[in-house]
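For reference, the structure is listed below as structure tokens.
The values are calculated or read from the model by the stated rules, or taken from the named source; none is laboratory data. What you see is a predicted model, and the numbers here were worked out from it, not measured in a lab. Counting neighbours? That spans all protein chains shown, and the Cβs are built from the backbone with ideal geometry, glycine included. What goes into the accessible areas is simple: the full protein's heavy atoms, side chains included, and nothing from ligands, DNA or RNA. Shrake-Rupley method; radii C 1.70, N 1.55, O 1.52, S 1.80 Å.
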Amino acid sequence: MTAGGAASASGAAVVPLAEAMIATLKSSGVRFLFGVPGGGSSLDLIAAADDAGMQFMLCRGETAAALAASVAGQLGGAPGVVLTAIGPGAASAVNGFAYAHLERAALLLICDSPEAGQHIPPHQEFDLQALFRPIAKACVCLEAESGAAQFADLVALARRPPEGPILVELAAGEARRSVAVAAANGAAIESGERHADASPEGARDKAGALLARSRRPILLIGLQAISSDIGAALLRLAERLGCPVMTSYKAKGVVADSHRQMLGHLTGADGEAAAIRRADLIIWAGVEPVELIAAPWRHDAALLALSDRAGLEYPQAPALELIGPLAPALEALTASCRRSEWQQDEISGLRKAVKERLRLAGGEGHTAESVVDAVTAAAGDDVRFTVDAGAHMISIMARIQAPQAHRVLKSTGLSTMGFAVPAAIASALVEPERRIVAFTGDGGLMMCLAELSTAARLGCRLTVIVLNDAALSLIDLKQQRRQHRPVGVRYPAVDFAAAAAGLGCRAWKIGLQEPLQPALTAALAHDGASLIDVAVDPSGYGDQLAALRG
Ligand SMILES: Cc1ncc(C[n+]2csc(CCOP(=O)(O)OP(=O)(O)O)c2C)c(N)n1
Ligand SMILES: [Mg+2]
């Protein structure tokens, strides 16, 4: 609580609700608020945050603000917070809110709300809760009387697994009303509260027995592994079994990509199916089904599922499900298991085959593959990458070698375009010393172009690499496959370097056959926001996509 708060008769501090809410956020570890303010309670919250030494990061659009807030929360271990105006401001944040819903980010969207009794005329008003409810953990209109305690509960709710987004409507009049607050009640999650062990008695023994009967298990790792921080436990199990390992895109790096047992990424597509088909048991370690593309599950091997939450819609009924904390379940399996019958030669062969299948045939000049190889060679070991959605993504995810979780950030459950730049901004704020490279297609960048000015204004040390093929190539390919005419997927190339320069970034435009290296060297040395617009040849995408997805 701030020093300025008066005291009530009971000795509790008396402060405006906005101040109490900011105190709760601060004690929960929140450092930044993102958003586009409206003229109501968001102004009170921004003022209270400023007084409390927390920074409000103005973004140019609410979708990007909600994405940035979600990612800042995921990286910083605290909830993300986004402030918006009434009606159109909140509605404009829906896609970022959906990211938090599908990709397990604790997020609080606090939007302005009309004052009680002032609904006529209903200018800019509609039922926001009805809009958000299907993808929200809760939708609440805060009132001063109960607001401080209720808000602390909401912060805790957002963080409780499965982490997710909450809509908080707040009128300026309520935000300014004084409330008595007992103590700065940081909405910390008790360790026992995070995951309760809900497996039936003896389930771990049964899991051990299932694993003991398997001669060729495979370990599939998903996004739950990141919040549970169980990379080391997974590695112990994998090495004890000597079995192949795959991570989802979201869990990339949880076991290092360079590890000799790593086969590549689990996406649900054809590319990896041959390898999984050789297994007689699938150990499903914290994969959220939403991480897989919508394709038929092609495997018959029994599924031993480990999940930190109940209610997952698995692609195949598990032979056994262990629900609860992942770490002790993994330790128990590791203690009781023995080496599998997999031979390293076979695993190495599968790894090579998966990699070869994802190669992008070169056309004339730059391709997504040649660009990502050049960038990773030039970038230091510590650089973090963010990746957008589109055809370019396949090569980029396949070629970057992540040694740790969170080295590469990508939207997977939602797979939204317009993610890479806001995520890079969030990373640059949370870890300013770490340089960021954001890979995006031209279509994805168009959806968040204005945020280049946010990056420039905030001095983010990030470099945006636009793989410019003047097309929505992924959709172009799908259109071609369905033998439709090319309508609505191609357009004249945009000069992103000129646009970025106008928005305050250092920028370079590289033609299809022009050298990339000098611009890359200069951009990676620049102490601020930069962009390289590189023309790429998309002609290899069709075969690559066919090899990956059938
Ligand atoms: C917000 C959003 N809108 C639409 C889509 C569907 N979609 C997926 S990839 C894609 C095209 C991406 O184009 P671009 O960014 O240029 O990348 P490219 O495929 O050309 O490499 C579209 C429209 C999406 N995933 N997210
Ligand atoms: Mg494109």
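Arg384 - would you say it is open to solvent by 20 Å² or more (accessible area, probe 1.4 Å) and touching a helix residue (DSSP H, G or I) at 6+ places or on another chain (Cβ under 8 Å)? Write out each step before concluding.
Working: open to solvent by 20 Å² or more (accessible area, probe 1.4 Å): no; touching a helix residue (DSSP H, G or I) at 6+ places or on another chain (Cβ under 8 Å): yes.
Against the criterion (open to solvent by 20 Å² or more (accessible area, probe 1.4 Å) and touching a helix residue (DSSP H, G or I) at 6+ places or on another chain (Cβ under 8 Å)), Arg384 does not qualify.
Can you tell me which residues in the range 371-388 are more than 14 Å from Asp469 (Cα to Cα) and within 16 Å of ligand 2 (Cβ to nearest atom)?
Val372, Val387, Asp388
May I ask you to list the residues in the range 452-472 that are surrounded by 24 or more Cβ atoms within 10 Å (Cβ to Cβ) and in contact with a Cys (Cβ under 6 Å, 6 or more places away or on another chain)?
Of everything in the range 452-472, those that are surrounded by 24 or more Cβ atoms within 10 Å (Cβ to Cβ) and in contact with a Cys (Cβ under 6 Å, 6 or more places away or on another chain) turn out to be Leu452, Thr454.
Of the numbered conditions (1) open to solvent by 30 Å² or more (accessible area, probe 1.4 Å); (2) in a helix (DSSP H, G or I), Val372 fails exactly one; give the number of that condition.
(1)
Kindly indicate whether any position in the range 85-96 is in contact (Cβ under 8 Å) with a residue 12 or more places away in the chain, open to solvent by less than 30 Å² (accessible area, probe 1.4 Å) and hydroxyl-bearing (Ser, Thr, Tyr).
Looking through the range 85-96, none of the residues is in contact (Cβ under 8 Å) with a residue 12 or more places away in the chain, open to solvent by less than 30 Å² (accessible area, probe 1.4 Å) and hydroxyl-bearing (Ser, Thr, Tyr).
For Arg434, indicate whether it is more than 25 Å from Leu414 (Cα to Cα) and either of a type outside the set (Asp, Glu) or within 16 Å of ligand 2 (Cβ to nearest atom) (or both).
Taking the combined requirement at face value, the residue satisfies it.
Could you figure out which of (1) touching a strand residue (DSSP E or B) at 6+ places or on another chain (Cβ under 7 Å); (2) of a type in the set (Asp, Glu); (3) open to solvent by 10 Å² or more (accessible area, probe 1.4 Å) isn't true of Glu431?
(1)
Of everything in the range 313-334, what is in contact (Cβ under 8 Å) with a residue 24 or more places away in the chain and surrounded by fewer than 19 Cβ atoms within 10 Å (Cβ to Cβ)? Give them in sequence order. Quick ask: steps written out before the conclusion?
So the first thing to find is which residues in the range 313-334 are in contact (Cβ under 8 Å) with a residue 24 or more places away in the chain, and the list is 313-315, 318-334.
Within the range 313-334, Glu313, Tyr314, Pro315, Pro318, Ala319, Leu320, Ala327, Pro328, Glu331, Ala332 qualify.
So in the range 19-46, with the set limited to residues that are part of a helix (DSSP H, G or I) and among the charged types (D, E, K, R), which one is most open to solvent (accessible area, probe 1.4 Å)?
The selected residue is Lys26.
Here are the criteria: (1) in contact with a Leu (Cβ under 8 Å, 6 or more places away or on another chain); (2) under 30 Å from Ala428 (Cβ atoms); (3) of a type in the set (Gly, Ala, Ser). Tell me which single one Gly502 does not satisfy.
Answer for Gly502: the failing condition is (1).
Which condition does Arg407 not pass, out of (1) in contact with a Lys or Arg (Cβ under 9 Å, 6 or more places away or on another chain); (2) within 16 Å of ligand 2 (Cβ to nearest atom); (3) not hydrophobic (A, V, I, L, M, F, W, C), if it passes all the others?
Of (1) in contact with a Lys or Arg (Cβ under 9 Å, 6 or more places away or on another chain); (2) within 16 Å of ligand 2 (Cβ to nearest atom); (3) not hydrophobic (A, V, I, L, M, F, W, C), only one is false for Arg407: (2).
Can you list the helices (runs of 4 or more DSSP H) found entirely within the range 461-549 that contain at least 1 residues being within 13 Å of ligand 2 (Cβ to nearest atom) and aliphatic (A, V, I, L, M)?
Correct list: 473-481.
With the condition kept exactly as written, say whether any residue in the range 391-407 is more than 12 Å from ligand 1 (Cβ to nearest atom) and in a strand (DSSP E or B).
Looking through the range 391-407, none of the residues is more than 12 Å from ligand 1 (Cβ to nearest atom) and in a strand (DSSP E or B).
Counting only residues that are over 28 Å from the mean Cα position of the chain (by Cα) and surrounded by fewer than 16 Cβ atoms within 10 Å (Cβ to Cβ), how many does the range 209-239 have?
Counting residues in the range 209-239 that are over 28 Å from the mean Cα position of the chain (by Cα) and surrounded by fewer than 16 Cβ atoms within 10 Å (Cβ to Cβ) gives 4.
Please count how many residues of the range 335-369 are open to solvent by 60 Å² or more (accessible area, probe 1.4 Å), more than 25 Å from the chain's Cα centre (by Cα) and not aliphatic (A, V, I, L, M).
So the count comes out to 13.
Within the range 500-509, is there a residue that is at pLDDT 95 or above and open to solvent by 80 Å² or more (accessible area, probe 1.4 Å)?
Checking the range 500-509: at least one residue is at pLDDT 95 or above and open to solvent by 80 Å² or more (accessible area, probe 1.4 Å).
From (1) open to solvent by less than 20 Å² (accessible area, probe 1.4 Å); (2) away from ligand 1 (no atom under 15 Å from the Cβ), pick out the condition that doesn't hold for Ala378.
Answer for Ala378: the failing condition is (1).
Quick check: is even one residue across the range 440-449 away from ligand 2 (no atom under 16 Å from the Cβ) and in contact (Cβ under 8 Å) with a residue 12 or more places away in the chain? Show your work before the answer.
Taking the range 440-449 and keeping what is away from ligand 2 (no atom under 16 Å from the Cβ), we get none.
No, every residue in the range 440-449 fails to be away from ligand 2 (no atom under 16 Å from the Cβ) and in contact (Cβ under 8 Å) with a residue 12 or more places away in the chain.
Quick grid of which residues meet (1) in a loop (DSSP other than H, G, I, E, B); (2) open to solvent by 10 Å² or more (accessible area, probe 1.4 Å); (3) at pLDDT below 95:
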{"position": "Ala105", "(1), (2), (3)": "yes, no, no"}
{"position": "Gly117", "(1), (2), (3)": "yes, yes, yes"}
{"position": "His123", "(1), (2), (3)": "yes, yes, yes"}
{"position": "Gln129", "(1), (2), (3)": "no, yes, no"}
{"position": "Phe132", "(1), (2), (3)": "no, no, no"}
{"position": "Ala149", "(1), (2), (3)": "no, yes, no"}
{"position": "Ile166", "(1), (2), (3)": "no, no, no"}
{"position": "Glu169", "(1), (2), (3)": "no, yes, no"}
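Of (1) in contact with a Phe, Trp or Tyr (Cβ under 9 Å, 6 or more places away or on another chain); (2) not in a helix (DSSP H, G or I), Gly444 satisfies all except one. Which?
The one condition Gly444 does not meet is (2).
Would the range 473-493 turn up any residue that is under 23 Å from Glu62 (Cα atoms), buried (at least 22 other Cβ atoms within 10 Å of the Cβ) and within 12 Å of ligand 1 (Cβ to nearest atom)?
no
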